[in-house]
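Student: Take a look at the following structure, please.
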Amino acid sequence: MPPDRLYATYFEGDPKENLEPDLKAKEIWRRFLPEDHIIPGNKKDNFWEMGDTGPCGPCSEIHFDRIGGRQAAHLVNKDDPTVIEIWNLVFMAFNREANGELRPLPAKHVDTGMGFERILSILQGKMSNYDTDIFTPIFEEISKITGAPAYEGKFGEEDKDRKDMAYRVVADHIRTLTFAITDGARPGPTGRGFVLRRILRRAVRYGKEFLHAKDGFFHQLVPRVVELFGNFFPELKSEQQQVMQIIQLEEEKFTRSVEAGTAMLKNITKNMKPGHTIS
């Protein structure tokens, strides 16, 4: 990556919390970046917390300017799609107690996370994660199985029939479910299982409603995901058939639920008059 397109942020401090500026991070960045590419950030942007309680601390983000040839410091953390965060380093220094107090941790560490798809979009010169070769082969398979027109990369108001959004939902969710089920998670009525069930049903609904897919289309996408990632995650290959069976069973359950619910709704509403409500 061109180093002149990199920008780094550091925590500017917060007097209300008695938190000093993270000048150590700033000094380290000076070894690698010019002064005008090192930007102070407030508590909202540069102090990471997992929730109301728990480990937390100041963070230092790395941002990348997709355009280049300009000074883009003023666009960092401004929701500009041309300047994106690609990496975050959280300096776990405190524990947020139930009373709101920050207690120093006895052992401190760096929690670091890089955005793989974002890095890939930069290396491949794409403006969206979904235009990279992580997703395009799955889009091609979706079009083949559903018969939907090809993905065009439209967003928001431009995507009037919500076709492209449906492509993104279906592709993202089949990848999530293939990995999660391979790892031992299962769709179910509670906890993480319920999260998976909702993800699966959302993907099926979007595929049928906006791509006009037929019943049972979703599990047929699993082999393409395995083909793409199986060399790096061999478990995907050995668990492929089981993953397909689990997803297919959930698809069938959901289809039956929708059909039964639709029939019930039609029965309830067939004699309704204007102004009537359903309890």
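The values are calculated or read from the model by the stated rules, or taken from the named source; none is laboratory data. This one's a predicted model, so the numbers in the text were calculated from it and none came from an experiment. Using ideal geometry, Cβ is built from the backbone for each residue, glycine included, and neighbour counts are taken over all protein chains shown. Surface accessibility is based on the protein's heavy atoms, side chains included, excluding ligands, DNA and RNA. Shrake-Rupley method; radii C 1.70, N 1.55, O 1.52, S 1.80 Å.
Student: So for the stretch 58-138, taking the charge dipole from beta-carbon charges (+1 Lys/Arg, -1 Asp/Glu), which of Ser121, Val76, Pro104 sits furthest toward the positive end?
Tutor: Comparing the listed Cα positions along the dipole, Pro104 ranks first.
Student: Over 25 Å between Cα atoms, which of Lys26/Lys78; Lys253/Lys273; Lys43/Lys78 qualify?
Tutor: Lys253/Lys273
Student: So, one more: Given the C-alpha centroids of the stretch 175-225 and the stretch 74-89, what is the distance between them in whole angstrom?
Tutor: What the calculation gives is 31 Å, centre to centre.
Student: Once the Cα gyration tensor of the stretch 1-138 is diagonalised, what are the square roots of 5 times its eigenvalues, in whole Å and ordered largest first, as equivalent ellipsoid semi-axes? Walk me through the intermediate numbers first.
Tutor: On the way: eigenvalues 173, 69, 30 Å².
Three semi-axes, in Å: 29, 19, 12.
Student: Further, regarding this structure: Cα axis of helix 240-269 to longest principal axis of the chain: angle in degrees, 0 to 90, nearest 10?
Tutor: Helix 240-269 sits at roughly 70 degrees to that axis.
Student: Would you calculate, for the chain, the mean residue ellipticity at 222 nm contributed by helices, counting each DSSP H stretch of 4 or more residues as -39,500 (n - 2.57) and dividing by all residues, to the nearest 500? List each step's numbers first, then the result.
Tutor: Details: 9 runs with 113 residues, N = 279.
Helices in the chain give a 222 nm mean residue ellipticity of -12500 deg cm²/dmol.
Student: Short version: ³J(HN,Hα) in whole Hz for each residue of the stretch 41-50, in order, from phi by Karplus 6.51 cos²θ - 1.76 cosθ + 1.60 (θ = phi - 60°), x for Gly and Pro, what are they?
Tutor: Per-residue couplings from phi come out as x, 7, 5, 4, 8, 10, 9, 8, 9, 7 Hz.
Student: Collect residues whose amide H, placed 1.01 Å from N in the peptide plane, falls under 5 Å from the amide H of Ile39; neighbours closer than 5 in sequence don't count.
Tutor: Ala8, Thr9, Tyr10
Student: Trypsin sites (Lys or Arg not before Pro) within the stretch 181-217: which are DSSP loop residues with at most 12 other Cβ atoms inside 10 Å?
Tutor: Here the trypsin sites (Lys or Arg not before Pro) that fit, given the DSSP loop and packing criteria, are Lys214.
Student: Could you give log10 I(q)/I(0) at q = 0.11, 0.13, 0.15 Å⁻¹ for the chain, computed by the Debye formula over C-alpha point scatterers of equal weight, without solvent?
Tutor: Taken in order of the listed q values, log10 I(q)/I(0) reads -0.87, -1.05, -1.16.
Student: Quick one: Cα centre-to-centre distance for the stretch 246-279 and the stretch 1-45, in angstrom?
Tutor: So the two Cα centres are separated by 54 Å.
Student: A further question follows. Which ³J(HN,Hα) values, rounded to whole Hz and listed in residue order, are derived for the stretch 180-196 from phi using the Karplus coefficients 6.51, -1.76 and 1.60 in 6.51 cos²θ - 1.76 cosθ + 1.60 with θ = phi - 60°, glycine and proline given as x?
Tutor: Coupling constants for the stretch 180-196: 5, 5, 4, 6, x, 6, 9, x, x, x, 9, x, 5, x, 5, 4, 5 Hz.
Student: Quick one: if you take sqrt(5λ) for each eigenvalue of the C-alpha gyration tensor of the stretch 131-279, what semi-axes come out, biggest first, whole angstrom?
Tutor: Ellipsoid semi-axes (Å, largest first): 30, 21, 12.
Student: Which GluC sites (Glu not before Pro) does the stretch 143-202 hold that lie in a coil by DSSP with at most 14 other beta carbons within 10 Å?
Tutor: Within the stretch 143-202, the qualifying GluC sites (Glu not before Pro) (loop, at most 14 other Cβ atoms within 10 Å) are Glu152.
Student: Here is a follow-up. Heads up, I need the accessible area for Met264: 1.4 angstrom probe, whole protein in place, Å², nearest 10.
Tutor: The accessible area comes out at roughly 120 Å².
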